[in-house]
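Below you'll find the structure, written out as structure tokens, and then a few comments.
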Amino acid sequence: MTGFIVRRLLQMIPLLLGVTFLTFAIVSFVPGSPVSSMQLNPRARPEDLERIRQNLGLDKPWYERYFLWLSDVLRGDLGLSLTNFTPVTDRILGVLPNTLLLTGTALALALIVAVPLGVASAVRHNSPFDHVVTAVVTALAAIPSFWMALLLIILFAVKFDEWGLPSLPAQGMQDLQGNTGILDRIEHLIMPALALSLGQIAGWTRFIRSSMLEAIGQDYVRTARAKGLVEQSVVYRHAFRNAILPLVTLVGLALPELFGGAYLIEQIFAWNGLGRLAFDATQSNDYTMIMGATLLFAALTMLGNLLADVVYALADPRIRYQ
Amino acid sequence: MASTESARVAAIEDIQPQLDAAALPERDWTGLGRGDTSAPGYWSRAWRRFRRNRVAVIALIITTLIIAFCLAAPLISRYVTHFTYYENHLGQALSQPGENDFILGSDGNGRDVLTRLAFGGRVSLLVAVLAAMSILIIGGSIGAVAGYFGGWIDTVLMRAADVLLSIPTLVLLILVSSFYQPSPAELAILIALVSWAGVSRLIRGEVLALKHRDFVDAARVLGASNSRIISRHLFPNIVPQTIVWASLAIPGLILTEAALSYLGLGVRAPQPSWGNMLQDAKQYVRTNWTLVFIPGLMIYITVLCINLVGSGLRDALDPRLNQ
């Protein structure tokens, strides 16, 4: 097991090199540079701009800059953000908790809704309840998350406010008027987390339903029934524990989707997270910031997949990694 | 003895017309014009299975209607709405549906929403279909080459696919399109350039499974070149999987285009797409919520219906999956 983990971690290195190289190449072909916005400043003289460019290393060819950037990264330095000249690491760490809070809540929400719903649907296979769940889940799976987010805002923030009902805040992470209790944080979290988790709720419910149906059809379930166990025990102790295993992998694979989704959702809800930071960085050619965010996204994705494999192996004794 | 023999002959003569009738209809099940009476071919059986799936058929009809609506955009503009998609009526901006002759209302520039919806659908569907085709061409060739040749070629290509798979596609697309204003066709190719990895894996797996089958060996013994084996013997065998993949991928690509255009990075004004109509509308959520609701609903219905058609196709084309 340790050998497996080590080997997987080693395999991440060339992948991360590939990711950073690709991203760096793309960013370098962007016409214009962080300095070009400074050119608009009438007090900036051409020689100043040239000096800034040299200080930032922008006069060197891009592959040279890539290796300079890489050697800094290997020493644990992600460089300075080119928009406000604070360390990239600080800016990322500043907003990372917000993104983790959002994606974590969405993940938890998806699991809390999807698992019981999928199990109940499978246990009542072909009942009206099952048909309704299947139909609703199919309908939910196709909703664009950003449209859902806007609809949530229209209904719960705008219309509820108009109708004089208690409404939810449409923007930001907390009340700016100093009211910063835990309830206020939760109020701000509900809509973004819901919008972000809808796709997962739909996908996972469907998955757990079919996985559960498969498990219920297995011989060991029939054996459990035959020896006279109560239905409760058959479903939850025998079928459920096996049906739930593959979900671990699915959760691992959902991570890039969640982070990608956070890009949009953070934008819509003005959520001060990594997605918004990275998006703003692409808009202003801040390549150190872009590189830092991409590196983190990619590493988190790979670690998520690795974690899923490890947890799967721990949970299922039939799986052995050499 | 003789009597039983003659009785048997009589019996056969008796049912002979029925036998003839059963064999008679030389219906062309295969559609190949051979007029043979053999069992219906793969495609007609698949079509019959598809027809039995009522949800998929309804979804197919709605999808066809949506496509017709988009194709008829110039007609709608001329005969129904009497607006072009680009003309501004600033004095009548933000009309509610039905107000000032705007059937579905007007946007912040006073442009007619219904006309823009039809023209925008053209762009959204065009980008999605074109992107799916490009992904199939790029990912299909890479996957086929990797699976067929194996060795270091396989390793290099699949590691490249791994790299692409470990960055969220949207993030890459945001990067690329934030410095470059793509036309719809260019946008489709951009999307394809960053999203071919999944398909290449799918095709590679299929090719790996097929390449040691007897008919491939037979072709090789007959002296067929590698490119002939790939294009004539392997590709026809993966057509069903590709069709299913495409019908399930197009909804995702419609969403990708919409998301990019929503961020202001995809198709740009004045050319409408369902995504950039949403982007334009989001500032009016407080006053004109229908502006957000309508284009999103079009995206939603289209995505839902194509999804349903796709899973209907999957069940019809791959009976093994039918449980």
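Segment B:240-280: which residues show an accessible-area loss of 40 Å² or more, assembly versus chain alone, 1.4 Å probe?
B:255, B:262, B:263
So if a site counts as exposed when it's one of the GluC sites (Glu not before Pro), its DSSP state isn't H, G, I, E or B, and it has at most 15 other Cβ atoms within 10 Å, what's the longest stretch of chain B without one?
Of all site-free stretches, the longest is B:88-323.
Within segment B:175-242, report the trypsin sites (Lys or Arg not before Pro) that DSSP leaves as loop and that have at most 15 other Cβ atoms within 10 Å.
B:213
How high is the FRET efficiency from residue A:233 to residue A:311, r the C-beta distance, R0 22 Å, rounded to 0.05?
0.30
Please report, as a whole percent, how much of the solvent-accessible surface of the protein assembly as shown comes from carbon and sulfur atoms (probe radius 1.4 Å).
The computed percentage sits at 62.
When only the heavy atoms of the protein chains count and the probe is 1.4 Å, how do B:55, B:176 rank by accessible area, highest first?
B:55, B:176
Per residue, what accessible area does segment A:27-140 have, given a 1.4 Å probe and all protein chains present, in Å²?
Spelled out: the 1.4 Å probe surface of segment A:27-140, per residue, equals 57 Å².
At 27 Å minimum axial length over the Cα atoms and a Kyte-Doolittle cut of 1.6, report the qualifying DSSP H helices in chain B, or say none.
For chain B, where a helix must reach 27 Å along its axis and average at least 1.6, the hits are B:113-149.
When we measure straight from the Cα of residue A:60, which aspartates and glutamates land under 20 angstrom away, once same-chain ones fewer than 8 places off are left out?
A:47, A:48, A:50, A:72, A:77, A:286
Exposed loop chymotrypsin sites (Phe, Trp or Tyr not before Pro) only (DSSP loop, at most 14 other Cβ atoms within 10 Å): please give the longest stretch of chain A free of them, not including the sites.
Maximal segment without exposed cleavage sites: A:164-320.
Enumerate the residues in segment A:241-264 having an amide nitrogen under 15 Å from the point lying 7 Å beyond the Cα of residue A:220 toward its Cβ.
Residues passing the 15 Å test: A:241-246.
Any lysines with Cα under 16 Å of the residue A:159 Cα? List them, leaving off those in the same chain fewer than 8 positions away.
Once the sequence-local lysines are set aside, what remains near residue A:159 is B:282.
Determine the total buried accessible area between chain A and chain B, counting protein heavy atoms only with a 1.4 Å probe; round to the nearest 100 Å².
3200 Å²
Across bins of 10 angstrom width beginning at 0, how are the C-alpha pair distances of segment A:82-197 distributed, in whole percent?
That works out to 12, 30, 31, 19, 6, 2, 0, in percent per bin.
When ligands, DNA and RNA are left out and all protein chains stay put, how many square angstrom of accessible area per residue does segment A:219-268 have with a 1.4 Å probe?
On a per-residue basis, segment A:219-268 sits at 49 Å².
Considering the convex hull of the alpha carbon atoms of segment A:204-322, report its projected area averaged over all viewing directions, in nm², one decimal.
Average of the hull's projected areas for segment A:204-322 equals 10.3 nm².
Leaving ligands, DNA and RNA out of it, work out the accessible area of residue B:66 with a 1.4 Å probe and give it in Å² to the nearest 10.
For residue B:66, solvent-accessible area is about 20 Å².
Indicate the gyration tensor shape class of segment B:232-282 (rounded, prolate or oblate), computed on the Cα atoms with a ≥ b ≥ c the square roots of the eigenvalues: a/c under 1.5 is rounded; otherwise a/b larger than b/c is prolate and the rest oblate.
Because a/c hits 1.5 or more and a/b exceeds b/c, segment B:232-282 counts as prolate.
Mean-square fluctuation check for chain B, GNM, Cα pairs under 10 Å: which of B:131, B:246, B:209 is largest?
Between B:131, B:246, B:209, it is B:209 that shows the largest mean-square fluctuation.
When the Kirkwood radius is taken over all Cα pairs of segment B:115-230, what Stokes-Einstein diffusion coefficient follows at 37 °C and 0.692 mPa s, in µm²/s?
So the translational diffusion coefficient is about 206 µm²/s.
How much net charge surrounds residue B:168 when only other residues with a Cβ under 15 Å from its Cβ are counted (Lys, Arg +1; Asp, Glu -1)?
In short, -2.
I'd like the Karplus ³J(HN,Hα) series for segment A:235-252: coefficients 6.51, -1.76, 1.60, θ = phi - 60°, whole numbers in Hz, and an x wherever there's a Gly or Pro.
Values per residue, Gly and Pro as x: 5, 8, 8, 9, 6, 4, 5, 7, 5, 7, 4, x, 4, 4, 4, 4, 4, x Hz.
Under a straight-distance cross-link criterion of Cα-Cα below 16 Å, which aspartates and glutamates are reachable from residue B:211, leaving out those fewer than 8 residues away in the same chain?
B:154
Largest first, what is the accessible-area ranking of B:195, B:273 with a 1.4 Å probe?
B:195, B:273
With a probe of 1.4 Å, find how much accessible area segment B:208-257 has per residue, and write the answer as a whole number in Å².
That works out to 53 Å² per residue.
Going by a ≥ b ≥ c, the root eigenvalues of the Cα gyration tensor, does segment B:29-177 fall in the rounded group (a/c under 1.5), the prolate group (a/b larger than b/c) or the oblate group?
oblate
Comparing B:164, B:175, B:117, which has the greatest mean-square fluctuation in the GNM of chain B with Cα pairs linked when under 10 Å apart?
B:175
With each label point set 7 Å from Cα along the Cα-Cβ vector, what nm distance links residue B:75 and residue A:100?
With each label placed 7 Å out from Cα toward Cβ, I get 5.8 nm.
Express the C-alpha Rg of chain A as a ratio against the empirical globular expectation 2.2 N^0.38 Å, rounded to two decimals.
Dividing the Cα Rg of chain A by 2.2 N^0.38 Å gives 1.24.
Could you tell me which of rounded, prolate or oblate describes chain B, using a ≥ b ≥ c as the square roots of the eigenvalues of the alpha-carbon gyration tensor, with rounded for a/c under 1.5 and, failing that, prolate when a/b is larger than b/c and oblate otherwise?
In terms of gyration-tensor shape, oblate.
List the relative contact order of chain A as a percent without decimals, with contacts defined as Cα pairs under 8 Å and 6+ residues apart.
27 percent
For segment B:166-323, compute the orientation-averaged projected area of the C-alpha convex hull (one quarter of its surface), in nm².
The number I arrive at for segment B:166-323 is 12.6 nm².
Between beta-carbons, use under 11 Å as the cut-off and find the net charge around residue B:264, counting Lys and Arg +1, Asp and Glu -1.
+1
Taking only Cα atoms and a 10 Å spring cutoff, compute GNM fluctuations for chain A and point out the largest among A:275, A:217, A:228.
Result for chain A, Cα springs under 10 Å: A:228 fluctuates most.
With each pseudo-label sitting 7 Å past Cα toward Cβ, what's the residue B:43-residue A:53 distance in nm, one decimal?
5.9 nm
Under a crude label model (7 Å from the Cα following the beta-carbon direction), how far is residue B:215 from residue A:299 in nanometres?
If labels sit at residue B:215 and residue A:299, their model points lie 5.0 nm apart.
What relative contact order, as a whole-number percentage, does chain B give when Cα pairs under 8 Å and 6 or more residues apart are counted?
20 percent
The values are calculated or read from the model by the stated rules, or taken from the named source; none is laboratory data. It should be emphasised that the depicted structure is a prediction, and the values quoted were computed from it without experimental measurement. Ideal geometry is used to build each Cβ from the backbone, glycine not excepted, and the neighbour counts take in all protein chains shown. Each accessible area value is taken on the protein alone, full model and side chains, heavy atoms only, with ligands, DNA and RNA left out. Shrake-Rupley method; radii C 1.70, N 1.55, O 1.52, S 1.80 Å.
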